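All remarks here apply to the structure that follows.
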Amino acid sequence: MAKHQIWFAVAALALFLSSAVADDVVVLTEENFEKEVGQDKGALVEFYAPWCGHCKKLAPEYEKLGGSFKKAKSVLIGKVDCDEHKGVCSKYGVSGYPTIQWFPKGSLEPKKYEGQRTAEALAEFVNSEGGTNVKIASIPSSVVVLSADNFNEVVLDSSKDVLVEFYAPWCGHCKNLAPIYEKVATAFKLEEDVVIANLDADKYRDLAEKYGISGFPTLKFFPKGNKDGEDYDGGRDVDDFVSFINEKSGTNRDAKGQLTVKAGLVASLESLVKEFVAATNEEKKNIFAKIEEEAGKLSGSAARHGKIYVKSAKKCMEKGGDYAKSEIERIKRILEKSVSPAKADEFNLKKNILSSFVQSS
């Protein structure tokens, strides 16, 4: 397969995946279309195809629109993949992509949108048709913007693992990658040792030449131990990037930036916890002392996790065998509420470590 065909296939797949997991745009199908549209909300619907270039260009603007209207109870922002749901698209006269239609509240008779394809223009239209007054949310980027002034300071920092996208503003593949790369940066924004960055290689050509950049986008990974840079040749959807960073940096994040069930676990302490759980109450005291000793040897983030092990073991001795299980249930209830990402990390780490203390139940 030719190189440009591979890029095209990757971009199309990336768009499909990003559409499927988008939280703020309702994914409409043959099965749910008339359950969601034409009901008690007005609905703006994008009819798109994964391979369509104009659709790919619209994708980040449409997601921004969805995020801004997420809390508007009287309006739904949705989208239909016309490759997958041809019946719906045919029913509403869709013959080109993207087609954007407005369905008034309680109606399945659409009005075609003919305006500009920016989040701001779409929001103005929806506000006019739906009687809302929503402003487009300005979301700060999590991608670190590099220049000649800060490149060495950021990329060559031996305490950081840094992924760098070398791009050009006119590059179509770069534009397609941009919303995906932003999600990757957002996923790792709470990781102090991980940086997701980009450099306008057209503007800073000396830096691009220094690192052998000849095509766009080119991605290079600069781990703590190799500041010469390593070529990134993996897949270009969010999950591919996240898996790569997790493997290289020892992190445990999913595509939404949430900690996985492995986050916080320390192998040397896990073996001691198994002994602790199986031990009698008298034996637990001796094993607890070993947990304290081992936790004291840890450094960096592992040291913080070690303190959770020690505190959890102490609570289990004080409150009995059911403590870990009941505390996990309490944490789950908290996580179901609206908590900050940093607090969610804190609770998930505790939940993961506590899970080791209920293995015998």
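The values are calculated or read from the model by the stated rules, or taken from the named source; none is laboratory data. Every value quoted in this text rests on a predicted model; they were computed, and no experiment measured them. Cβ placement follows ideal geometry from the backbone for every residue including glycine, while neighbour counts extend to all protein chains displayed. Calculation scope for accessible area: heavy atoms of the full protein, side chains included, ligands and nucleic acids excluded. Shrake-Rupley method; radii C 1.70, N 1.55, O 1.52, S 1.80 Å.
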>> So the check is Cβ under 9 Å with 6+ separation or different chains; which pairs have a first residue in region 37-55 that's part of a loop (DSSP other than H, G, I, E, B) and a second one that's of a type in the set (Phe, Trp, Tyr) and open to solvent by 20 Å² or more (accessible area, probe 1.4 Å)?
In response: 49/97; 50/16; 51/8; 51/97; 52/97
>> Testing residue 24 on (1) surrounded by fewer than 18 Cβ atoms within 10 Å (Cβ to Cβ); (2) modelled with pLDDT of 90 or more; (3) touching a Ser or Thr at 6+ places or on another chain (Cβ under 9 Å), one condition comes back false. Which one is that?
In response: (2)
> Can you tell me which residue in region 120-138 is most open to solvent (accessible area, probe 1.4 Å), limited to those that are farther than 10 Å from residue 75 by Cα and among the small types (Gly, Ala, Ser)?
Replying inline: 138
>> Please return the ranges of strands (runs of 3 or more DSSP E) entirely within region 91-196 where 2 or more residues are charged (D, E, K, R) and at pLDDT 95 or above.
In response: 161-167
> Can you tell me which residue in region 226-245 is farthest from residue 187 (Cα to Cα), limited to those that are assigned to a loop (DSSP other than H, G, I, E, B) and free of Cβ contacts under 8 Å to residues at least 12 places away in the same chain?
Replying inline: 228
>> Tell me yes or no: at least one residue of region 214-223 is among the charged types (D, E, K, R), crowded, with 19+ Cβ neighbours inside 10 Å and under 23 Å from residue 345 (Cβ atoms).
In response: no
> When only residues in region 257-291 that are within 30 Å of residue 180 (Cβ to Cβ) and of a type in the set (Val, Ile, Thr) count, which is nearest to the chain's Cα centre (by Cα)?
Replying inline: 260
>> Go through (1) open to solvent by 90 Å² or more (accessible area, probe 1.4 Å); (2) over 15 Å from residue 261 (Cα atoms); (3) among the charged types (D, E, K, R) for residue 346 and report which single condition fails.
In response: (2)
>> Checking the structure you have, find out if any residue of region 85-101 is under 23 Å from the mean Cα position of the chain (by Cα) and either of a type outside the set (A, V, I, L, M, F, W, C) or within 30 Å of residue 194 (Cβ to Cβ) (or both).
In response: no
> So, of the residues in region 273-287 that are over 15 Å from residue 320 (Cβ atoms) and of a type in the set (Val, Ile, Thr), which turns out to be most open to solvent (accessible area, probe 1.4 Å)?
Replying inline: 287
> For residue 270, which of the numbered conditions (1) assigned to a helix (DSSP H, G or I); (2) under 26 Å from residue 344 (Cα atoms); (3) open to solvent by 90 Å² or more (accessible area, probe 1.4 Å); (4) among the charged types (D, E, K, R) fails to hold?
Replying inline: (3)
> Just to be sure, is residue 78 touching a strand residue (DSSP E or B) at 6+ places or on another chain (Cβ under 8 Å), modelled with pLDDT of 95 or more and among the small types (Gly, Ala, Ser)?
Replying inline: yes
> In region 88-119, which residues are open to solvent by 40 Å² or more (accessible area, probe 1.4 Å) and in contact (Cβ under 8 Å) with a residue 12 or more places away in the chain?
Replying inline: 97, 104, 105, 106, 108, 110, 111, 112, 117, 118
> Applying the selection to region 246-267, what residues are without any contact (Cβ under 8 Å) to a residue 40 or more places away in the chain and surrounded by 16 or more Cβ atoms within 10 Å (Cβ to Cβ)?
Replying inline: 246, 252
